[in-house]
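What follows is calculated from the coordinates using simple rules that are stated; it is not laboratory data. Note that the structure is a prediction, hence the values are computed from the model and not measured. Every residue, glycine among them, receives a Cβ derived from its backbone with ideal geometry; neighbour counts consider all protein chains shown.
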Amino acid sequence: MNNTQTTAHTNIALIKYWGKKDSQLRLPYNDSLSLTLDGYYTTTSTKFIDQADDQIWLNQKPAPLAFATRVQHFLDYVRQLNHSKQAILVQTDNHVPTAAGLASSASGFAALAGSLNYLFQMHLDLKTLSILARHGSGSATRSIFGGFVRWYHGHDDQSSFAEEIDGADQMPLRIISVVFSDQPKKISSTKGMQQAVSTSPFYRTWPTTVQQDLTAMLQAIKQRDLEQIGLIAQNNALAMHALNWTARPAFSYFTMDTIHLLTSLNELRQKGYLAYATIDAGPNVKVLTSTSDAAFVQQYLYQNYPQATTTFLKPGPGIKKTVL
Ligand code: ADP
Ligand code: DP6
Ligand code: CO
């Protein structure tokens, strides 16, 4: 049996994906841009089993029903591509909280796509693997690659894929993850973005916001301007969350802790430290900072938010076959 164990890292979007124009194919309305993270990842292995049904294990236990159903749906798609009917055992371990707004769906489906690529001997290149991972979760499209990654929104299955953008390893960029809750969110990303697209009167302004933020972000990356990278990322994240506040019914992933932390970062910046926030679909915050300010910022967060778990992160690598 081939070794199919694959590791993929999560990513944090600096320019967000929030809305699908085709939910079947998971084609987004706009491009997005992320940074792959070193400390949060998923390891997945797969094998064919001689049974009627698939078996899905998460963190050494049978996976919850909703989790298993979504994975099986993806397995069905891959089986269909390969004209197969064989049941599959999936064993996956998340080294990141599951469904808590820390992008487990990104590392999870990237690792699963990578593992199935070996199991079915598909020999997909990285671009095609990113297209395949997109069928599991949009953000997984980007987790195939390391460093800064751009997902081109595309207009059909083959034109919606991700690509690495140079520069992350030369950049003194650090991320501090501040986790207030590792519990599963009440509104999944899939549902949240659907609600924002279909009911927020501001959604029609979102593609223009993203286009402007993306152009500015690409420029800031080229110029290695960390201050600009942080500022653009924070503004874009807040614009995304504003779509949720203006959805009907309105909703938000923020808690009081999230908002309190945003005000603390204002204070840190006034004191001259580089500290900007980006927030995905959950209450937890990723603080963007520099190598020189990271120690102070982390110490400050540790002292002021003793209820949170803080983790120091760096830019991370692309998908890898695990050497057993
Ligand atoms: P998150 O913020 O963690 O990405 P989402 O709501 O986007 O939360 O997605 C959570 C879903 O992603 C889970 O319910 C499950 O369907 C899927 N997922 C998470 N981890 C894995 C994994 N290791 N393998 C396959 N699917 C996963
Ligand atoms: C806020 O990729 O989790 O993290 O495609 O429905 O699985 P599905 O959604 P998902 O959404 C991620 C949303 C985000 C922003 C981002 O990662 O770009
Ligand atoms: Co997700």
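Can you compute the charge dipole magnitude of the stretch 4-169 about its Cα centre, using +1 on each Lys and Arg Cβ and -1 on each Asp and Glu Cβ, nothing else charged? Give it in debye, rounded to the nearest 20.
360 debye
Amide H to amide H, which residues 5 or more places from Ile165 or on other chains are under 5 Å from it, using H placed in the peptide plane?
Result for Ile165 returns Phe148, Val149, Arg150.
I'd like the Karplus ³J(HN,Hα) series for the stretch 196-202: coefficients 6.51, -1.76, 1.60, θ = phi - 60°, whole numbers in Hz, and an x wherever there's a Gly or Pro.
5, 4, 8, 10, 7, x, 8
Over the Cα atoms, compute the radius of gyration (one decimal) and Dmax (the largest Cα-Cα distance, rounded to a whole number) for the stretch 115-159, in Å.
Expressed in Å, the Cα Rg and Dmax of the stretch 115-159 come to 10.6, 29.
Quick one: helix 206-222 against the long Cα principal axis of the chain, what's the angle to the nearest 10°, folded into 0 to 90?
80 degrees
Could you compute Rg(Cα) / (2.2 N^0.38 Å) for the stretch 192-324, with N its residue count?
Relative to the 2.2 N^0.38 Å estimate, the stretch 192-324 comes out at 1.18.
Out of every Cα pair in the chain, what percent are spaced more than 35 Å from each other?
Percentage above 35 Å: 17.
Per DSSP H run of at least 4 residues, take -39500 (n - 2.57); add these up for the chain, divide by its residues and hand me the 222 nm value, nearest 500 deg cm²/dmol.
Helix-only estimate at 222 nm: -12000 deg cm²/dmol.
So how do Lys85, Lys20 line up by other beta-carbon neighbours within 10 Å, fewest first? Intermediate results must be reported in sequence, preceding the final value.
Values: Lys85 7, Lys20 18.
Placing the least packed residue first, the sequence is Lys85, Lys20.
Before anything else, pin down the relative contact order of the chain: Cα pairs under 8 Å, at least 6 apart, normalised by residue count, whole percent.
Answer for the chain is 25 percent.
Expressed as a whole number of Å, what is the distance separating the alpha-carbon centroids of the stretch 243-318 and the stretch 192-208?
24 Å
Just to be sure I understand: if I project the alpha-carbon convex hull of the stretch 111-254 onto a plane and average over all orientations, what area do I get in nm²?
10.3 nm²
Which angle from 0 to 90°, rounded to the nearest 10, does the C-alpha axis of helix 226-245 make with the longest principal axis of the chain?
Between the helix axis and the principal axis of the chain, the angle is about 70 degrees.
Report, by chain and number, residues whose modeled amide H sits under 5 Å from the one on Leu27, excluding near sequence neighbours (fewer than 5 apart, same chain).
Here the answer is Lys21, Asp22, since their amide H atoms fall under 5 Å of that of Leu27.
Going by how many other beta carbons lie within 10 Å of each one, how would you line up Met217, Met256, fewest first?
Numbers: Met217 23, Met256 9.
Placing the least packed residue first, the sequence is Met256, Met217.
Please provide three numbers in whole Å: the alpha-carbon extents of the stretch 4-169 along the principal axes, with the largest listed first.
Principal axes ranked by extent give 45, 32, 27 Å for the Cα atoms.
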